[in-house]
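A short write-up of the structure that comes next.
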Amino acid sequence: MNIKPLAFRMRPRNIEEIIGQEHLVAEGKIINRMVKAKQLSSMILYGPPGIGKTSIASAIAGSTRYAFRNLNAVTNNKKDMEIVAAEAKMSGKVILLLDEVHRLDKGKQDFLLPYLENGMITLIGATTSNPYHAINPAIRSRCQIFELKPLSVDNIKEALLRATSDTERGLGEKNIHLNEEALTHFATASNGDVRSSLNALELAVLSTEPDESNTIQIDLATAEECMQRKSLAHDKDGDAHYDVLSAFQKSIRGSDVNASLHYLGRLIEAGDLPSISRRLLVIAYEDIGLASPQAGARTLAAIEAAERVGFPEGRIPLANAVIELCLSPKSNSAIMAVDEALADIRAGKSGEVPDHLKDAHYKGATELGRGIDYKYPHNYDGGWVRQQYLPDKLKNKKYYQPKKTGKFEQALAVIYSNLQK
């Protein structure tokens, strides 16, 4: 007999049973209002795995009594969608939950659009990807977009306790003693994924023999064994991945060592050494830059060491680099200077290279006025002579604005200032 997993069985039957997501389903909030008014619009629900996207969709269907169908944008074909459309024509309305909606191909999309327009199909798209990045604008423009938040530890505890007491769909028919340490571990080790917690709880219950009093004792050791260590909700191609990388760089830029090490730890747990390496090198030159130029070389050395030894030892040189970058003086003067130069070029403010700087290594260059009057700096005291290098249109432009945060750039600033005089 095919018994569905506990997480599937415990899906909420109406919006009152939804745990968490109060900003959308609590009394007076948008989805609650839509359901009570029976005025549903197509929507896209996005957020990390296991936090209730499918649950909200099924709860909406249960609360409205509309027909509810569940398809996957990848595994289900256009024929499956035609069946849903035919049912919508007969019943007047169908709620279609479409998992992985960001993977919807053009053929399926073009088929669905007319049904979304006339309201016969109410689409609830579920995705872990940011819809503003990943979903075709034609679909996105016809849907409201709601971001689901990670569930709290208390939310997950509530779901677990509900499952142990529910005799109809859960484990309530069994005599279960779930101690507080085990409950907390199930709720915390899943990193906000209630589906993972529920399925681990079910495994613990089904694999544990009752004691003499016919009680199934679930302690911390059992919870740890059944839960194992869940990977972070961290898809290397997904939205959460870039959020962590962004927080990583901003924490180093802000000189917060503890936050930086936290985000480094999350990236290490995800096993993503290439992204760590790329981001650290960018940080060394973008955020520390000329305030401490040697930081770039030491960061590269740390990365090469990490790549050579691999994880878990690779965490050690990476931590060294992160701490140094956090506590180094900061300067973004180089990136600001080159970006301002690029902005002028892209705006058409380039101008012609001055004649005395043009290439003169060919016959006839002199007749064209190329290279004449060029002053060779090495022929002058100090290796410097005043002459114009920028095009006439930009001859007074100053892109580089030195900062005084590090001793190296302070020295550069003095030289730069003297040259300007």
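The values are calculated or read from the model by the stated rules, or taken from the named source; none is laboratory data. Remember, predicted model here, so these are calculated numbers, not experimental data. Virtual Cβ from ideal backbone geometry, glycine too; neighbours counted across all protein chains shown. Only protein heavy atoms, including side chains, enter the accessible area calculation; ligands, DNA and RNA are left aside. Shrake-Rupley method; radii C 1.70, N 1.55, O 1.52, S 1.80 Å.
For the stretch 328-362, the set of residues classified as outside any loop (DSSP other than H, G, I, E, B), surrounded by 13 or more Cβ atoms within 10 Å (Cβ to Cβ), among the aliphatic types (A, V, I, L, M) and at pLDDT 85 or above consists of Ala334, Ile335, Met336, Ala337, Ala341, listed by residue number.
Note on the stretch 159-168: residues that are open to solvent by less than 30 Å² (accessible area, probe 1.4 Å) and charged (D, E, K, R) total 1.
Filtering the stretch 35-69 to residues that are among the polar types (S, T, N, Q), open to solvent by less than 30 Å² (accessible area, probe 1.4 Å) and in a loop (DSSP other than H, G, I, E, B) leaves only Ser42.
Only a single item in (1) open to solvent by less than 50 Å² (accessible area, probe 1.4 Å); (2) within 30 Å of Gly296 (Cα to Cα); (3) free of Cβ contacts under 8 Å to residues at least 60 places away in the same chain is not met by Lys397, and it is number (1). Of all residues in the stretch 363-374, those satisfying the criterion of being closer than 19 Å to Glu352 by Cα and open to solvent by 80 Å² or more (accessible area, probe 1.4 Å) are Thr366, Glu367, Leu368, Asp373, Tyr374.
In the set (1) open to solvent by less than 60 Å² (accessible area, probe 1.4 Å); (2) touching a Pro at 6+ places or on another chain (Cβ under 8 Å); (3) part of a loop (DSSP other than H, G, I, E, B); (4) under 30 Å from Ser255 (Cβ atoms), the condition left unmet by Thr405 is number (1). If I ask for residues that are surrounded by fewer than 16 Cβ atoms within 10 Å (Cβ to Cβ) and in contact with a Phe, Trp or Tyr (Cβ under 9 Å, 6 or more places away or on another chain), which ones from the stretch 284-322 would you list? Gln294, the sole residue that qualifies. Of all residues assigned to the stretch 379-398, at least one qualifies as being at pLDDT 90 or above and either within 36 Å of the chain's Cα centre (by Cα) or within 20 Å of Glu286 (Cα to Cα) (or both). The set of residues in the stretch 72-107 being open to solvent by less than 20 Å² (accessible area, probe 1.4 Å) and in a strand (DSSP E or B) consists of Val94, Ile95, Leu96, Leu97, Leu98. Per the listing Ser165, Ser197, Ser190, the residue uniquely out of contact with any helix residue (DSSP H, G or I) (no Cβ under 9 Å at 6 or more places or on another chain) and under 30 Å from Leu220 (Cβ atoms) is Ser165.
If you check Pro12 against the conditions, is it closer than 22 Å to Glu202 by Cβ, open to solvent by 30 Å² or more (accessible area, probe 1.4 Å) and not polar (S, T, N, Q)? In short, no.
When Ser152, Ser129 are checked against the criterion of being out of contact with any Leu (no Cβ under 8 Å at 6 or more places or on another chain) and surrounded by fewer than 14 Cβ atoms within 10 Å (Cβ to Cβ), Ser152 stands alone in meeting it. Can we say Leu96 is modelled with pLDDT of 90 or more, out of contact with any helix residue (DSSP H, G or I) (no Cβ under 6 Å at 6 or more places or on another chain) and among the hydrophobic types (A, V, I, L, M, F, W, C)? Taking the combined requirement at face value, the residue does not satisfy it. Here the condition is being in contact (Cβ under 8 Å) with a residue 12 or more places away in the chain and surrounded by 13 or more Cβ atoms within 10 Å (Cβ to Cβ); of Leu412, Leu419, it holds for Leu412 alone. Of all residues in the stretch 77-90, those that are touching a residue at least 12 places away in the same chain (Cβ under 8 Å) have Cβ atoms under 8 Å from Cβ atoms of residues that are of a type in the set (Lys, Arg) and open to solvent by 40 Å² or more (accessible area, probe 1.4 Å), 6 or more apart or on another chain, in Val84/Arg69; Glu87/Arg69.
Selection of the stretch 255-274 for residues being closer than 26 Å to Ser333 by Cβ, among the polar types (S, T, N, Q) and part of a helix (DSSP H, G or I) yields only Ser260. The sole residue among Leu171, Leu203, Leu183 that is open to solvent by less than 80 Å² (accessible area, probe 1.4 Å) and in a helix (DSSP H, G or I) is Leu183.
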